[in-house]
Structures are given as structure tokens and as C-alpha cells.
Amino acid sequence: MTTEESKSSRYALMRQEIIRAAVKLFMRNSVSSVTLSQVAQELDLTKAAIYHYFPSKEDLLRSIFAGWAASCRKELEVIVALPIEPEEMLRQILRTHARQITSEFGLFVLSVRVEAELPEPVRLEVRHLQRDTDKFIRDVIACGQREGVFQPVDGRLAELAGIGMFNWMWRWYRPGQDDPEAIAELFTRIFVEGIRVRTDTGSHMDIPGSKTLPAVSAEYHASEIRYHTEMLQRLIDATQTEPVEETA
């Protein structure tokens with residue numbers, strides 16, 4: 001490693017240390033109340049040293065929140081570029097989104113809690129990046145509908161339902177206790193199989209591709225009810241836990 005590469009590596013590592021310290025302070029307090037001086041004290045640095053890595057608090061917040069959102073989007077862009085079928089692409093997008101949430105769960109929860117406190121330029125940038133993720137899902141659903149793989153449901157509502165299952169994890173997910181892979185697999189299966197075209201036996205069924213829901217037979221409606229009832233029972237069984245005793 002050259003001298004320049006070594007300096008660059010140390011610079012990047014120090015930025016990450018500052019980011020970790022700032023996130024810890026934001027979680028204990030609030031974004032609006034934490035100052036760069038407090039971040040410096042947390043790391044036993046001078047305020048001037050912090051400014052060397054982050055010229056302003058807004059720059060620090062952008063690196064934390066918009067930086068994480070941009071990193072997540074890049075991972076999904078790789079999947080979207082793959083030459084794979086719509087159903088498999090949707091599964092990979094949803095599993096990756098679940099992993100992104102659980103691998104940086106503290107940051108994910110913080111981003112939900114403090115969004116309103118972020119400076120407007122940072123907040124808008126984060127929302128723009130999140131909308132890109134939503135669009136990836138809507139686009140792959142639309143592609144699957146054109147190919148007759150997914151039912152001709154409202155793509156926006158379907159995307160909101162799918163992404164909502166995962167995003168709501170901030171309220172109930174317990175790191176170290178809940179299995180992130182099992183959650184990702186179950187939620188992905190529920191969503192993808194819920195919009196996939198199929199017959200009573202689970203195989204694909206021809207439904208005309210249209211912007212409006214087609215008229216379907218009573219047998220098809222009955223199979224849908226049975227299918228979703230079964231999937232709901234699986235979700236209840238998988239997430240059921242022993243009640244936690246309250247201490248006095």
C-alpha cells in the first residue's frame with residue numbers, strides 16, 4: 001500500500017468512527033440537540049478535527065442518512081441489471097431490502113424516528129433515494145404483469161404493501177432474537193406468491209393482461225381465499241411468541 005493509499009484508508013476509517021459516534025449520540029438524544037462539539041467530545045477529539053472530516057453538521061447528516069440510502073440503492077441497481085425473470089428479481093430485491101434493514105437496524109430505526117429533524121436538503125435527498133427503491137419494485141411488478149407472471153393489480157398499491165411489511169420491522173424486530181433470514185424468506189414468499197398468477201393447484205393461470213382487474217370465475221376467487229387464509233395462518237404460527245411477563 002502506498003503512502004497516499006494509507007492516508008486515504010485512515011481518512012475513511014476516521015470518518016466511519018465519527019459517523020458511529022454521531023449515530024450513538026443521535027439515538028440517545030435527538031438530531032437537533034446534538035452538536036459537532038459533542039461528537040468531538042465523544043471521541044476525545046477537538047472540534048477542529050471533526051471539521052477536517054465533516055465541514056458542517058449537515059454534511060455529517062448527509063453522509064449518515066443519504067449515504068446509507070445511496071448504498072442501499074446501489075445494491076438494488078445490481079439486481080435490477082441482472083438478466084433474470086421478474087419473479088426471481090422481485091424475490092432478490094425484497095430479500096436484499098430486508099437484509100439492508102436488519103444489518104443496520106439501529107440506523108434504520110434512527111432514520112425513521114428523526115426524519116422530520118433532518119435539514120430539508122438532506123431529507124429531500126433521502127426521500128429521493130427511497131423513491132428509487134420503490135420504483136424498482138413497481139417496475140419489476142409491471143414487467144411481470146406484461147409477461148403474465150403477476151396478476152394485473154395496481155402496481156403502486158402492491159409496492160406499498162410489499163415494502164410496508166419490511167419497513168414496519170422498526171416497531172417489532174428484535175436483533176439477536178428474531179431470525180432475519182427467516183423473516184425475509186417468509187415475507188418475500190407471502191408477497192410474491194400473493195400477486196403471482198396461479199391456479200387452485202398453485203401453477204400459473206392465464207389471466208388477460210389489462211389495466212383493470214379481469215372478471216374471474218368463482219372457483220378462482222375461492223382458491224384465492226383458501227390460499228391467503230393458509231398464508232396468514234403460516235405467518236401467525238411463525239411470529240407467535242410467548243408473552244413477556246411484566247415486572248413490577
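The values are calculated or read from the model by the stated rules, or taken from the named source; none is laboratory data. Quick caveat: nothing in here was measured; it's all calculated off a predicted structure. Ideal geometry is used to build each Cβ from the backbone, glycine not excepted, and the neighbour counts take in all protein chains shown.
The figures follow:
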read-out	value
Members of the range 68-91 found to be within 12 Å of the chain's Cα centre (by Cα) and either outside any helix (DSSP H, G or I) or free of Cβ contacts under 8 Å to residues at least 40 places away in the same chain (or both), listed by number	SER71, GLU75
Elements of type helices (runs of 4 or more DSSP H) in the range 146-248, at least 1 residues being more than 21 Å from ALA98 (Cβ to Cβ) and at pLDDT below 60	218-239
Output for the range 145-188, where each listed residue is free of Cβ contacts under 8 Å to residues at least 40 places away in the same chain and either more than 16 Å from LYS135 (Cα to Cα) or among the acidic types (Asp, Glu) (or both)	ASP154, GLU159, MET165, TRP168, ARG171, TRP172, ARG174, GLY176, GLN177, ASP178, ASP179, GLU181
